[in-house]
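Q: Take a look at this one; I'll ask things after.
Any read-out appearing in this document is the output of simple, stated calculations on the displayed coordinates, not a laboratory observation. Just so it is clear, the model here is predicted, and its values are computed rather than measured. A quick note on method: Cβ atoms are made from the backbone with ideal geometry, for glycine too, and the neighbour counts reach across all protein chains shown.
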Ligand SMILES: Nc1nc2c(c(=O)[nH]1)N[C@H]1C(S)=C(S)[C@@H](COP(=O)(O)OP(=O)(O)OC[C@H]3O[C@@H](n4cnc5c(=O)[nH]c(N)nc54)[C@H](O)[C@@H]3O)O[C@H]1N2
Ligand SMILES: Nc1nc2c(c(=O)[nH]1)N[C@H]1C(S)=C(S)[C@@H](COP(=O)(O)OP(=O)(O)OC[C@H]3O[C@@H](n4cnc5c(=O)[nH]c(N)nc54)[C@H](O)[C@@H]3O)O[C@H]1N2
Ligand SMILES: [Mo]
């Protein structure tokens, strides 16, 4: 029971995204989890104006939702949270923590929901149940004894705006800005890149833009798997004749075609809508070079138009009035060498020119992107290149146009909006100080990579996690797990058992919480919470399922409990009143950011959500120059850390439909036709031939760096796949032991999980 996997079965993946395969996957998991939603009444309330916000991805929730505004991923996430399976003290009595270490990610979470506060007992190596009051008192006493600058308050991107607001206040009143979140491993390259170039940290696109766009440029985002509800917008845009041009090294099934599982006609007729009108399999890390090539071709078209007396291809009026740095960028384009561009992008000149033709024929175009862009050494530059491309034709700040980073966790964008940030300049510190009568810390806090460095160096004294599975999600697994065990204190607020509970600190507590789908009753009655979606719209969410156990506390109540036990009492902060009525937390949020959250309690139920003001969407540029910035790329190499000599392969890590990050629902990946194991390596047939390897053969990967650290993953079965020669793909988090901690995006410090130089051990090069 503890180990799953074994040899993978490889089957042809014949279903498009959506379709019967999607329904099959959903029914299987509903039955298996004996979820509260078996009758699907719950699912009907998902992402509805008066329902609950899905706990899977952050994609926008429309004002006029489809009758079933959920997808395969959302249904799985709902089933996983509302499972009737639960574990308490008796489970932890049965196994030592060392025994649980051998269990897979799937087996750990599959035990069901955590139901009692637990403390690790070193004498027996078991987690033992304790009362909530004891847990808070002990943790509070330990935190008070720590060096306040050496305590980290991590959050995964799921907790509500209300809980997140309380959490950042706890950290700051405690005395630091150590508030890293999952965004540091995800879209931080966006927050840095867009802030610098267009003066906002988030995308400018809203749902209505999909109805007016002619061209969607899709970089490194796997919509069919990771944000399937967006397929509705893409399918509608395709039907209107819009182009969808995809850039992805791997031929992703979910980016090729789509059948709407919510349309009986399409399901019966097997009708598929092709999603991508062009599919460019660039090199991992080749986005900067590819976009440079496209921009070069656009400038050439403009030069030709000028010479022939035709209408300009560039939006010269927009460039003159709204941008800065164009001439330098154009000089770079003119000087760039096509051979170099082809080599670094992995695309042919003709392919890039054909993208330029279509893009220039489009009245309005948008750039949509995900982890394939942000998780590189040059992740921030990649984001700036997408902005360059859009600026050339004035494609920001008008209908049908704009930039659209697709966020991951369901409230990851919102957590940043309400002050979860390690960067003091992004938090309203003066306002917080005024409201709550304290002197907020001004020193920059640790982000995810810096927290890892602090843990490796033995500096960090305590790690508090509001959700997530930090040690499993970060790079450098072997060193990190060893250092993690030396941490004096780890505290985790969680719904399910995961690897980070079994790899724990010297003192370790697990605090089980309600999920967002569960009914949350407090002294002031039943509570609702709010989240922000990928398009900056805020939505109310009301729990609907009976809690899996009466002993669970809400995340807000746990954060307040920790705060009361840790901080000096303050007459200005009434944690109990906040927990009794979350409406008061929303009042506090509104008092902190009135421009975004005025009348919060009334507006939270607006269909489609209320949108926070996005200056760039109005062509107001809050940048240093007051204009939108063109950026000259520093280099075309995707990941300049890496050597890339002959025997080295470039690994990129991907997700499957059987997972949500480190939560592994099943060992199947129906889109890529792999079943029963995630220990696989996708490789181009030409590379198999080159290294004299056979499909189904098992290999060991090791990192091809020269820093003296041995990084290995054993037992990967080779699967022939449509990836470019010289590249291989494997799953996150199984391949995380291969990523050096220092291999991260230059300005944002997002681990470069999409380009890792690796070697196959014991290969026989031909
Ligand atoms: N079902 C499900 N949904 C999820 C998640 C999940 O794990 N499962 N996770 C959630 C989270 S937190 C996030 S951040 C999002 C992530 O969603 P995505 O952004 O889609 O993330 P990935 O699957 O990691 O990678 C996306 C794509 O990038 C491609 N790629 C790799 N390297 C490159 C490159 O150099 N250039 C380009 N152009 N493409 C490249 C990969 O082939 C892959 O198709 O999804 C969210 N939604
Ligand atoms: N190699 C590689 N590494 C990556 C990535 C990659 O593409 N490749 N992607 C990165 C990205 S984009 C991200 S976002 C991170 C993800 O990193 P994290 O956000 O830290 O990890 P998750 O796997 O999402 O966390 C899962 C755990 O969250 C807890 N949980 C679930 N729901 C709730 C809830 O409602 N409340 C609370 N308190 N806890 C809950 C459960 O205990 C569950 O085990 O990983 C990053 N790591
Ligand atoms: Mo993410």
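Q: Distance between Cα centroids, the range 189-228 to the range 294-360: provide it in whole Å.
A: A separation of 21 Å, based on Cα centres.
Q: Still on this model: Please give the FRET efficiency for residue 278 paired with residue 321, using the beta carbon to beta carbon distance and R0 = 25 Å, rounded to the nearest 0.05.
A: Step by step, r from the Cβ atoms, then E = 0.20.
Q: Stokes-Einstein at 4 °C, 1.567 mPa s, Kirkwood radius from Cα pairs: D for the chain in µm² s⁻¹?
A: Translational D for this selection: 49 µm²/s.
Q: Also: So for the pair residue 570, residue 99, with labels modelled 7 Å out along Cα→Cβ, what separation do we get in nm?
A: Result for the modelled spin labels: 4.5 nm.
Q: Follow-up. Going by how many other Cβ atoms sit within 10 Å of their own, how do 417, 204 line up, fewest first? Display every interim value, and only then the final one.
A: On the way: 417 22, 204 27.
By the 10 Å Cβ count, ascending: 417, 204.
Q: Relative to the first principal axis of the alpha-carbon coordinates of the chain, what is the inclination of helix 379-392, with its axis defined by its Cα atoms, in degrees from 0 to 90 and to the nearest 10?
A: It works out to around 50 degrees.
Q: Taking only Cα atoms, what is the 0 to 90° angle, nearest 10, from helix 72-81's long axis to the longest principal axis of the chain?
A: Approximately 10 degrees, to the nearest 10.
Q: Also, I was wondering about something else. Cα gyration tensor of the range 649-762, axes a ≥ b ≥ c as square roots of the eigenvalues: rounded (a/c below 1.5), prolate (a/b > b/c) or oblate?
A: oblate
Q: Starting from the Cα-Cα distance between residue 482 and residue 459, subtract it from 0.36 nm times their residue separation and give me the gain in nm to one decimal.
A: 6.9 nm
Q: Right, here's the next one. Would you order 703, 345, 570 from fewest to most other beta-carbon atoms within 10 Å of each residue's own beta-carbon?
A: 570, 703, 345
Q: While we're here: For a test of the definition: using alpha carbon positions, the gyration tensor, and the 1.5 limit on a/c, classify the range 316-453 as rounded, prolate or oblate.
A: Note, shape of the range 316-453 comes out prolate.
Q: Can you sort 144, 584, 393, 516 so the residue with the fewest Cβ neighbours within 10 Å comes first? Mind dumping the intermediate values first?
A: On the way: 144 13, 584 16, 393 23, 516 29.
Going from sparsest to densest Cβ surroundings: 144, 584, 393, 516.
Q: What is the antiparallel percent of DSSP beta bridges lying wholly in the chain, to the nearest 5?
A: About 40 percent, rounded to the nearest 5.
Q: With r as the distance between the Cβ atoms of residue 605 and residue 551 and R0 = 45 Å, compute the FRET efficiency 1/(1 + (r/R0)^6) and round to 0.05. Working shown, then result.
A: Working: r = 30 Å, r/R0 = 0.67.
The calculated FRET efficiency here is 0.90.
Q: Can you tell me the 0 to 90 degree angle between the C-alpha axis of helix 19-33 and the longest principal axis of the chain, rounded to 10?
A: 10 degrees
Q: Give me the one-decimal nm value for the distance between modelled label points at residue 9 and residue 442, 7 Å along each residue's Cα-to-Cβ direction.
A: For residue 9 paired with residue 442, the spin-label model returns 6.4 nm.
Q: Based on the alpha-carbon gyration tensor of the range 188-406 and its eigenvalue square roots a ≥ b ≥ c, which shape applies: rounded if a/c is under 1.5, prolate if not and a/b is larger than b/c, or oblate?
A: Prolate, because a/c is 1.5 or more and a/b exceeds b/c.
Q: If R₀ is 30 angstrom, what is the calculated FRET efficiency for the pair residue 434 and residue 137, using the beta carbon separation as r and rounding to 0.05?
A: Approximately 0.45, to the nearest 0.05.
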